[in-house]
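None of the figures in this text is laboratory data; all of them are computed from the coordinates on show. Everything numeric here is computed off the predicted structure, so don't read it as measured data. Using ideal geometry, Cβ is built from the backbone for each residue, glycine included, and neighbour counts are taken over all protein chains shown.
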2 protein chains.
Amino acid sequence: MPYPYENLKKMNPTELLFQHRSIRKYSSKPIEPTLLNRLLEAGTRASTTGNMQVYSIIVTQDQERKDQLKKCHFNQAMVSEAPVVLTFCADVNRFNQWCKARHAEPGYNNFLWFINGAIDAILAAQNVCIAAEDAGLGICYLGTATYMADEIIELLKLPHGVVPVTAITVGYPSETPDLTDRLPLEAVVHHEEYSPYSTEKINALYHEKENLELTKKLLEENQLPNLAQIFTEKRYKKTDNEFFSEKFMKTLIKQGFFND
Amino acid sequence: MPYPYENLKKMNPTELLFQHRSIRKYSSKPIEPTLLNRLLEAGTRASTTGNMQVYSIIVTQDQERKDQLKKCHFNQAMVSEAPVVLTFCADVNRFNQWCKARHAEPGYNNFLWFINGAIDAILAAQNVCIAAEDAGLGICYLGTATYMADEIIELLKLPHGVVPVTAITVGYPSETPDLTDRLPLEAVVHHEEYSPYSTEKINALYHEKENLELTKKLLEENQLPNLAQIFTEKRYKKTDNEFFSEKFMKTLIKQGFFND
């Protein structure tokens, strides 16, 4: 099966961005170490707070560890099937150690620096993803990295000052999914001031999404009257959201991001 | 003066990533509306949590508002000088309104969904930046967006459920800065498990940065014995970090991200 990104190799950067789809099925072809390093290095070229690089990237390639990591990511098969999983972490530990070695008193064990580290980590992640797709690889983000942060911390032996923010699977695609829909641009863009949404406007902005064939199929499968209820009743339920909010906050406290 | 990105137009995506530098000085040349829309649309093609797009982008082009926004960003001149400032926000407000209009009970006013919205917003931001550089524009991230979130909320009239996460200036460059240094790749990448840093390792990893001409100049200007102390004593001081941590947390609570 040809790699779906094969024909993108001649694309310019913006065209490549418009071709992004998440890849959840991978061939067994490994990623060459020199290519992997190039992707990671592309990650480090992203903007970073004060050029401090308050993030770390953990590379998982060992099959046994990928199988364990899969459990942390709600058993999504792609985590053990992809040749590489990358976990992007906010990391003030390295910076703190550097400061201490220079008799400088660090002051980064706080919420602001979790945020700065998270931004750094996510910018690096997106650069890695774009470089990966440019090389004919496919990626998928794992939102579960924050849901299961404490389990990942244990598995990857992340010290105080380090917390996972996101993760991606990377590998050569063995599927060619369609582009997914997006809301019309005017749904997410506001000029000068935030424009409130009337119910009429909401109806118009969500009309296309609510009338996709995919949506109709989901409604039938789930026996629910509308797409919004699939999100609130099935995919991202209030009780789960509140449970994982509290869990992640506890992890941030444990890892030292609240003046510990 | 030629735009420094002019010669990048034939570059492939990965080469473009390796050429990124923050641009803080802009020519007065405006950004065509069709180009701006294309950049924003490239932003929306980034991965997003459950394809929910829990973010919004506020476009600031009005000079008076840019001047006010500049005050929110610690008076950085580029905020009023760049033709466009984009503020990227975590936004559960639109999703909540959609749910309510469909008799679905939303459960997104919590910390987990601030995080998910922040990740969505930052991935969109990085795509916009890459598309901008591909078009010969320059960008600079404004880390101050979280420091001054409540002032930005007021200026841009952001409702409950919406909070700024990052911002960028965008425009045609009128400077050609050098690439900035980065730590060696092995400083930020760990294989299989997080490798602790010995003082010896820290010394080796920071050796190049500590011996840059730029660093030597900074030490002289600041009359401090080492670069780490420039960060802890001048740029990002503990008392400021703790002040802005508390300020941002209060803003998250006020905007409803703690079950409000």
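Values for this structure:
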{"quantity": "Residues located in region B:27-49, provided they are among the β-branched types (Val, Ile, Thr) and within 7 Å of chain A (Cβ to nearest Cβ)", "calculated": "B:THR44, B:THR49"}
{"quantity": "Candidate set: region A:190-202, residues that are more than 7 Å from chain B (Cβ to nearest Cβ) and among the polar types (S, T, N, Q); chosen: the one farthest from A:LEU227 (Cα to Cα)", "calculated": "A:SER195"}
{"quantity": "Residues of region A:95-112 satisfying the condition of being buried (at least 22 other Cβ atoms within 10 Å of the Cβ) and aliphatic (A, V, I, L, M)", "calculated": "A:LEU112"}
{"quantity": "Residues being within 20 Å of B:ASN37 (Cβ to Cβ) and within 11 Å of chain A (Cβ to nearest Cβ) - total across region B:50-83", "calculated": "11"}
{"quantity": "Residue, farthest from the chain's Cα centre (by Cα), within region A:129-138, restricted to residues that are more than 8 Å from chain B (Cβ to nearest Cβ) and crowded, with 24+ Cβ neighbours inside 10 Å", "calculated": "A:LEU137"}
{"quantity": "Residue list for region A:164-184, filter: under 25 Å from B:PRO33 (Cβ atoms) and in contact (Cβ under 8 Å) with a residue 24 or more places away in the chain", "calculated": "A:LEU179, A:ASP181, A:LEU183, A:PRO184"}
{"quantity": "Only one of A:ALA101, A:ALA187, A:ALA121, A:ALA131 that is touching a Ser or Thr at 6+ places or on another chain (Cβ under 6 Å), of a type in the set (A, V, I, L, M) and in contact (Cβ under 8 Å) with a residue 12 or more places away in the chain", "calculated": "A:ALA131"}
{"quantity": "When residues of region B:34-52 are limited to those that are of a type in the set (A, V, I, L, M) and under 18 Å from A:THR166 (Cβ atoms), the one nearest to the chain's Cα centre (by Cα)", "calculated": "B:ALA46"}
{"quantity": "Residue list for region A:26-76, filter: among the small types (Gly, Ala, Ser) and surrounded by fewer than 20 Cβ atoms within 10 Å (Cβ to Cβ)", "calculated": "A:SER27, A:SER28, A:GLY50"}
{"quantity": "Test: residue in region B:165-172 that is within 30 Å of B:CYS72 (Cα to Cα), assigned to a strand (DSSP E or B), in contact with a helix residue (DSSP H, G or I) (Cβ under 8 Å, 6 or more places away or on another chain) and facing another protein chain (nearest Cβ under 7 Å)", "calculated": "yes"}
{"quantity": "Members of region B:134-163 found to be without any contact (Cβ under 8 Å) to a residue 60 or more places away in the chain and part of a loop (DSSP other than H, G, I, E, B), listed by number", "calculated": "B:GLY143, B:LYS157"}
{"quantity": "Wholly enclosed helices (runs of 4 or more DSSP H) of region B:197-260 bearing at least 1 residues aliphatic (A, V, I, L, M) and touching a Ser or Thr at 6+ places or on another chain (Cβ under 9 Å)", "calculated": "B:213-222, B:227-230"}
{"quantity": "Qualifying positions in region B:80-126 - in contact with a Cys (Cβ under 8 Å, 6 or more places away or on another chain) and assigned to a helix (DSSP H, G or I)", "calculated": "B:GLY117, B:ALA121"}
{"quantity": "Region A:231-260: number of residues that are in contact with a Gly (Cβ under 6 Å, 6 or more places away or on another chain) and more than 8 Å from chain B (Cβ to nearest Cβ)", "calculated": "1"}
{"quantity": "B:PHE111 being out of contact with any helix residue (DSSP H, G or I) (no Cβ under 6 Å at 6 or more places or on another chain), facing another protein chain (nearest Cβ under 9 Å), among the hydrophobic types (A, V, I, L, M, F, W, C) and in contact (Cβ under 8 Å) with a residue 24 or more places away in the chain", "calculated": "no"}
{"quantity": "Test set (1) surrounded by fewer than 22 Cβ atoms within 10 Å (Cβ to Cβ); (2) more than 10 Å from every other protein chain (Cβ to nearest Cβ) - B:ALA187 fails condition number", "calculated": "(2)"}
{"quantity": "Residue pairs meeting the criteria (Cβ under 8 Å; at least 6 apart or on separate chains; first in contact (Cβ under 8 Å) with a residue 12 or more places away in the chain, in region B:216-232; second of a type in the set (Ser, Thr, Tyr) and surrounded by fewer than 18 Cβ atoms within 10 Å (Cβ to Cβ))", "calculated": "B:LEU227/B:THR215"}
{"quantity": "Yes/no for B:VAL92 being hydrophobic (A, V, I, L, M, F, W, C), touching a residue at least 40 places away in the same chain (Cβ under 8 Å), in contact with a Pro (Cβ under 9 Å, 6 or more places away or on another chain) and more than 8 Å from chain A (Cβ to nearest Cβ)", "calculated": "yes"}
